[in-house]
Amino acid sequence: MRFVILESPYAGDVDANVEYARSCMADSLSRGDAPFASHLLYTQPGVLDDQQPEERQAGIAAGLAIAERADATVVYTDHGLSPGMRAGIADAMKHGRPVEYRSLGGTHSESA
């Protein structure tokens, strides 16, 4: 299995975005990936509060540290690209990690 960082929106309509991210995780697993979505893990109750800037930054930093060990970054695009997703893409490109764009709408995966 490839270890991949999963990028999908979180902020805004959090409930809908969490549901979407879970669907993205299922899709990634079905493709044979071992996905990691820091925005689902670190924002759980009792972990970090995404509404607190210092806690949000701690979660982002932890996610980027883990991303350094990933084989690729997978970006799900059905709901557009958030600023956090763009930062994850930039980090992947900075470190030479492949970036793949996917859609749950049945379109293709492409590499950047």
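Numerical summary
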read-out	value
Ser8 among the hydroxyl-bearing types (Ser, Thr, Tyr), free of Cβ contacts under 8 Å to residues at least 40 places away in the same chain and either loosely packed, with under 12 Cβ neighbours inside 10 Å or at negative phi (or both)	no
Scope the stretch 32-57; condition free of Cβ contacts under 8 Å to residues at least 40 places away in the same chain and surrounded by 14 or more Cβ atoms within 10 Å (Cβ to Cβ); matching residues	Pro35, Phe36, Ala37, Ser38, Leu40, Leu41, Tyr42, Thr43, Leu48, Asp49, Glu55, Arg56
Residue in the stretch 76-93 that is surrounded by the fewest Cβ atoms within 10 Å (Cβ to Cβ), counting only those that are touching a strand residue (DSSP E or B) at 6+ places or on another chain (Cβ under 6 Å) and under 23 Å from Leu48 (Cα atoms)	Ile89
Residue in the stretch 13-25 that is surrounded by 12 or more Cβ atoms within 10 Å (Cβ to Cβ) and in contact with a strand residue (DSSP E or B) (Cβ under 6 Å, 6 or more places away or on another chain) present	yes
In the stretch 78-99, residue nearest to Leu6 (Cα to Cα) [restricted to those that are without any contact (Cβ under 8 Å) to a residue 60 or more places away in the chain and out of contact with any helix residue (DSSP H, G or I) (no Cβ under 9 Å at 6 or more places or on another chain)]	Arg86
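The numbers here are math on the coordinates, done by the rules we state, and not lab data. None of these values were measured; they are calculated from a predicted model. Don't worry about glycine lacking a Cβ; one is built from the backbone with ideal geometry, like all the others, and counts go over all protein chains shown.
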